[in-house]
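Undergrad: I have a structure I would like to understand better, so I am pasting it below and will then ask my questions one at a time.
The values are calculated or read from the model by the stated rules, or taken from the named source; none is laboratory data. The model shown is predicted, which means the values in this text are computed figures rather than measured ones. Neighbour counts are summed over all protein chains in view; Cβ atoms, including those assigned to glycine, are modelled from backbone coordinates with ideal geometry.
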Amino acid sequence: MVIIVYGVTGCGKTTVGQLLAEKLNFPFYDGDNFHPTSNVEKMRKGIPLTDEDRIPWLNNLRIKIQSWDRNGGAVLACSALNEKYRKILKRGSNPIWVLLDGSRELIQERLDARVGHFMNPALLESQFATLEKPAYGYKVSIDSTPAEIVEQIHFLLKNMNELSSFGVIGMGVMGKSLALNLSNNDVPLSIYNRHVPNKEEKVAAKVLEQFPDQKNMLAFDDLPSFVTSLSTPRKILLMIPAGKAVDHQIEELIPLLSPGDIIIDGGNSFYKDTNRRVSYLEEKELLFVGTGVSGGEEGALKGPSIMPSGPKEAVDKVLSLFEKIAAKDKSGKPCTAYIGPEGSGHFIKMVHNSIEYAEMQALTEAYFLMRRHLGMDPKEIFEVFSTWQEGDTASYLLEITCDILNTYEDDELLLDKILDKAAQKGTGGWSVTTALEYGVPYGVLSEAVMARAISFKKDERSKASQVYGHKPKAISGDRSNFLESLKDAYQACRIINHEVGFSLMKAVSDEHNWNLNFSEIARIWTNGCIIRSSLMESAVAWFSTTDNLLMHPEVIDRMKLSHQKLAFVAGEGIKHGLALPVFSAAINYFLGAITAESPANLIQAQRDYFGAHTYERVDAPEGKHFHTVWKE
Ligand code: 6PG
């Protein structure tokens, strides 16, 4: 084994090379010592060497490398700046390349401080111009001390033959938790986080420091070394912010990868971006998997719900890993499965988040009705929600809401100290746009999204409430009847929310021929994810017999009994001054959906009146259009 420590002048290759050779008990050679006198003379005078000067020197070194290799190994310090030179050096042997990488400023500083060396610092410029960093080998930053650098190289060499079977890029909350989950499940892993001076430094290494018991992980902040540490076909999970960062990371990876390697995007990416990336990487003979991952930090660490899609051959290669780390459903099956082609995994994650938005808003409205309409205190609301958690209204989101209603700071409910401005990162809005594109009436979701938008207008709301003198008043009297209706109303609202979410999935699946399996999607959402619930468990069975939830016999029975309660509760609340956007959108949607004769004929008449848009008639064949001159 011959290790070539290389880089521009002043990077420390001689010092590091010598120390490394000592550590490995190898002879050390300095490439500069093999230059003919004519080259040394030129360099001393500050005259850059030409290819003509370098090539005989490199050929000479090549023969030496082969003989050192045969004789057990060596460490060679050599500039080897571009591919042309390295190609000469590696002919006939397979040296290990270690680039000592540093900024021009740092190296200039070191050169300025250096005495008694024949290299003229003025040559640094031409060296940086010649330097081509390769995709192979290791790249080690020279920011640390020589001893630390040697330790790092030693570590890389030691692990060289123990390649990791999986890589995770991005050590944010989700990336770190998923990495720990994989490692806890005995998956040999490489983790990487980019290096951003003064902001993100040695982030991956710090994860290892934080979890010294983790024996399955190697940490990198240098992408080529990270990629080199993975067995092929490489499987690299990106856990970085959706959008441009993903494209940028893909571009950085492409030159380092080999045909058949797999990039997996586990962030909340927009599904159309994933469709595009699948095709783009296919052109480059690489495979791209887009996967929804739900469950937040705890889920990622202990078992998330995972929704991979893209080329089936690629998903097949990573599914067993996902099965290891995913949550398990009631029968012990992992909450992950191949979702479908292209970006269907990210698409269903987007809808998951949309169901999440409306579920959260519905809970908020139930809470608001209890707190402001019924005048209940948080402890009483906690009690009521806790009883709901025992029946088929149980859900993870209700469970955390109970916890929130039971969290006090200095004897005061923490919730009351939280500013009432609800943020959003965009997945709900994407679904609203998609619903509009496909003509799916997703009012429940748009109202949930808009409720967050209104919440953000805190100043305007505060001023307007004074101008209008608006403050919802609590009613007095018996609460129990209302609370009973509220529970049914809440559940009816949830059924409607799930029905519309799944109908959006059906519309998009049909259009793309994705052939989504809704019962299976519901199944992988029964655990690990944010919208896991008893209702989702029922939905697994419901979707095994129908695609249209509202027409399932069990749902029909439930909705027949509860939709009037939803109308009553929403009406009461609004009458008493509470905004209940999701409750009212749900009942409006439902009533619209079960009304055979709607007033839409009047809209058609109006359109035809002012714009000659034509209309169809109930007493004429479908597709035949009429126009009336409504007024002469
Ligand atoms: C999940 C969550 C997760 C994230 C939401 C929050 O499934 O684990 O949905 O993806 O918490 O995207 O979204 P907002 O910031 O838009 O509320």
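Undergrad: Six or more apart or on different chains, Cβ atoms under 7 Å: show the pairs whose first residue is in the range 532-559 and surrounded by fewer than 16 Cβ atoms within 10 Å (Cβ to Cβ) and whose second is part of a helix (DSSP H, G or I).
TA: 544/519; 554/542
Undergrad: Something else now. Which fully enclosed helices (runs of 4 or more DSSP H) of the range 266-365 have 3 or more residues being of a type outside the set (A, V, I, L, M) and either more than 16 Å from the ligand (Cβ to nearest atom) or crowded, with 20+ Cβ neighbours inside 10 Å (or both)? Break it down stepwise before answering.
TA: Numbers: elements: 271-283, 296-302, 312-325.
In the range 266-365, 271-283, 312-325 are the helices (runs of 4 or more DSSP H) which contain 3 or more residues that are of a type outside the set (A, V, I, L, M) and either more than 16 Å from the ligand (Cβ to nearest atom) or crowded, with 20+ Cβ neighbours inside 10 Å (or both).
Undergrad: On to the next question. In contact with a helix residue (DSSP H, G or I) (Cβ under 7 Å, 6 or more places away or on another chain) and free of Cβ contacts under 8 Å to residues at least 12 places away in the same chain - does that describe any residue in the range 4-16?
TA: So far as the range 4-16 goes, no, none of its residues is in contact with a helix residue (DSSP H, G or I) (Cβ under 7 Å, 6 or more places away or on another chain) and free of Cβ contacts under 8 Å to residues at least 12 places away in the same chain.
Undergrad: Out of 243, 260, 266, I need the residue that is at pLDDT 95 or above and either in contact with a strand residue (DSSP E or B) (Cβ under 8 Å, 6 or more places away or on another chain) or of a type in the set (A, V, I, L, M) (or both). Which one?
TA: Numbers: 243 fails: either in contact with a strand residue (DSSP E or B) (Cβ under 8 Å, 6 or more places away or on another chain) or of a type in the set (A, V, I, L, M) (or both); 260 fails: at pLDDT 95 or above.
Going through 243, 260, 266 in turn, just one is at pLDDT 95 or above and either in contact with a strand residue (DSSP E or B) (Cβ under 8 Å, 6 or more places away or on another chain) or of a type in the set (A, V, I, L, M) (or both): 266.
Undergrad: Please determine whether any residue of the range 552-565 is of a type outside the set (A, V, I, L, M, F, W, C), in a loop (DSSP other than H, G, I, E, B) and closer than 24 Å to residue 395 by Cα.
TA: From the range 552-565, those of a type outside the set (A, V, I, L, M, F, W, C) are 552-554, 557-558, 560, 562-565; that's our starting set.
Next, from what is left, pick out any that are in a loop (DSSP other than H, G, I, E, B): 552.
Those left that are additionally closer than 24 Å to residue 395 by Cα: 552.
Checked the range 552-565: at least one residue is of a type outside the set (A, V, I, L, M, F, W, C), in a loop (DSSP other than H, G, I, E, B) and closer than 24 Å to residue 395 by Cα.
Undergrad: With the requirement that a residue be surrounded by fewer than 21 Cβ atoms within 10 Å (Cβ to Cβ) and more than 16 Å from the ligand (Cβ to nearest atom), what does the range 421-442 give you?
TA: 436, 437, 438, 439, 440, 441, listed by residue number.
Undergrad: Looking at 217, 171, can you tell me which residue is more than 27 Å from residue 25 (Cβ to Cβ) and modelled with pLDDT of 95 or more? Show your work before the answer.
TA: On the way: 217 fails: modelled with pLDDT of 95 or more.
Every option except 171 fails the conditions.
Undergrad: Sticking with this structure for a sec: Hey, among 393, 407, 387, which residue is polar (S, T, N, Q), loosely packed, with under 13 Cβ neighbours inside 10 Å and closer than 30 Å to residue 500 by Cα? Step through it out loud before you land on a result.
TA: Values: 393 fails: loosely packed, with under 13 Cβ neighbours inside 10 Å; 407 fails: closer than 30 Å to residue 500 by Cα.
Among 393, 407, 387, only 387 is polar (S, T, N, Q), loosely packed, with under 13 Cβ neighbours inside 10 Å and closer than 30 Å to residue 500 by Cα.
Undergrad: Right, here's the next one. Looking only at helices (runs of 4 or more DSSP H) that lie completely in the range 119-216, which have at least 2 residues being of a type in the set (Ser, Thr, Tyr)? Before the answer, list the steps.
TA: Working: elements: 124-130, 146-158, 173-184, 203-210.
Because the criterion is at least 2 residues that are of a type in the set (Ser, Thr, Tyr), the helices (runs of 4 or more DSSP H) in the range 119-216 that meet it are 124-130, 173-184.
Table: residues versus (1) under 30 Å from residue 275 (Cβ atoms); (2) within 16 Å of the ligand (Cβ to nearest atom).
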| residue | (1), (2) |
| --- | --- |
| 446 | yes, yes |
| 454 | no, yes |
| 469 | no, no |
| 487 | no, no |
| 507 | yes, no |
| 546 | yes, no |
